[in-house]
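The values are calculated or read from the model by the stated rules, or taken from the named source; none is laboratory data. Predicted, not measured: the structure shown is a model, and the values here were computed from it. Neighbour counts run over all protein chains shown; Cβ positions are idealised from the backbone, glycine included. Please note that ligands, DNA and RNA were not included when accessible areas were found on the heavy atoms of the full protein model with its side chains. Shrake-Rupley method; radii C 1.70, N 1.55, O 1.52, S 1.80 Å.
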Amino acid sequence: MYAVIKTGGKQYKVCAGEKIKVEQLPADIGQDIVIDQVLAVFSGEDTRIGTPLVAGAAVTAKVLSHGRGEKVRIFKMRRRKHYQKHQGHRQNYTELQIESIAA
């Protein structure tokens, strides 16, 4: 059984027992959270696709950690104009362990 959830403006395909990194959530480490924005639930031959969300479906997850991703280097340059700009960015994330999928 797996589901497609939406959090932080992105969509994730999740199964029970899986670890995923999502945009940072305001939750403490060890806390259980419920994600109720479920777009689709697939269970063998049974498929439920929401319009836009599946009614009554929820995914329970446990917060494992918070962190920062790899540095993305940004380099801008205009040729022959003596213009160069260096910048870096690290995105915050929350690591979740998917506990269960309730359809």
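Remark: pairs (first residue in the range 1-30, under 14 Å from ALA57 (Cβ atoms) and of a type in the set (Phe, Trp, Tyr); second residue open to solvent by 90 Å² or more (accessible area, probe 1.4 Å) and assigned to a strand (DSSP E or B); Cβ separation under 9 Å; 6+ apart in sequence or on different chains) = TYR2/LYS13.
Does at least one position in the range 43-52 carry a residue that is in contact with a Gly (Cβ under 6 Å, 6 or more places away or on another chain), touching a residue at least 40 places away in the same chain (Cβ under 8 Å) and surrounded by 10 or more Cβ atoms within 10 Å (Cβ to Cβ)?
No, the range 43-52 contains no residue that is in contact with a Gly (Cβ under 6 Å, 6 or more places away or on another chain), touching a residue at least 40 places away in the same chain (Cβ under 8 Å) and surrounded by 10 or more Cβ atoms within 10 Å (Cβ to Cβ).
Collect the residues in the range 32-56 that are assigned to a strand (DSSP E or B) and under 18 Å from the mean Cα position of the chain (by Cα), keeping them in residue-number order. Residues satisfying the conditions are ASP32, ILE33, VAL34, ILE35, VAL38, LEU39, ALA40, VAL41. For the range 57-71, filtering for residues that are in a strand (DSSP E or B) and either modelled with pLDDT under 95 or acidic (Asp, Glu) (or both) leaves 0.
Of all residues in the range 2-25, how many are at positive phi and among the acidic types (Asp, Glu)? Final tally of qualifying residues: 0. Summed over the range 12-38, the residues that are more than 18 Å from GLU99 (Cα to Cα) and not charged (D, E, K, R) give a count of 2.
Tell me which residues, restricted to the range 32-54, are acidic (Asp, Glu) and closer than 15 Å to MET1 by Cβ.
First, pick out the residues of the range 32-54 that are acidic (Asp, Glu): 32, 36, 45-46.
Residues satisfying the conditions are GLU45, ASP46.
For the range 72-103, the tally of residues that are surrounded by 11 or more Cβ atoms within 10 Å (Cβ to Cβ) and either in contact with a Leu (Cβ under 7 Å, 6 or more places away or on another chain) or assigned to a loop (DSSP other than H, G, I, E, B) (or both) stands at 7.
Given the criteria part of a loop (DSSP other than H, G, I, E, B), of a type in the set (Val, Ile, Thr) and at pLDDT 95 or above, does ILE29 qualify? Spelling it out, ILE29 is indeed part of a loop (DSSP other than H, G, I, E, B), of a type in the set (Val, Ile, Thr) and at pLDDT 95 or above.
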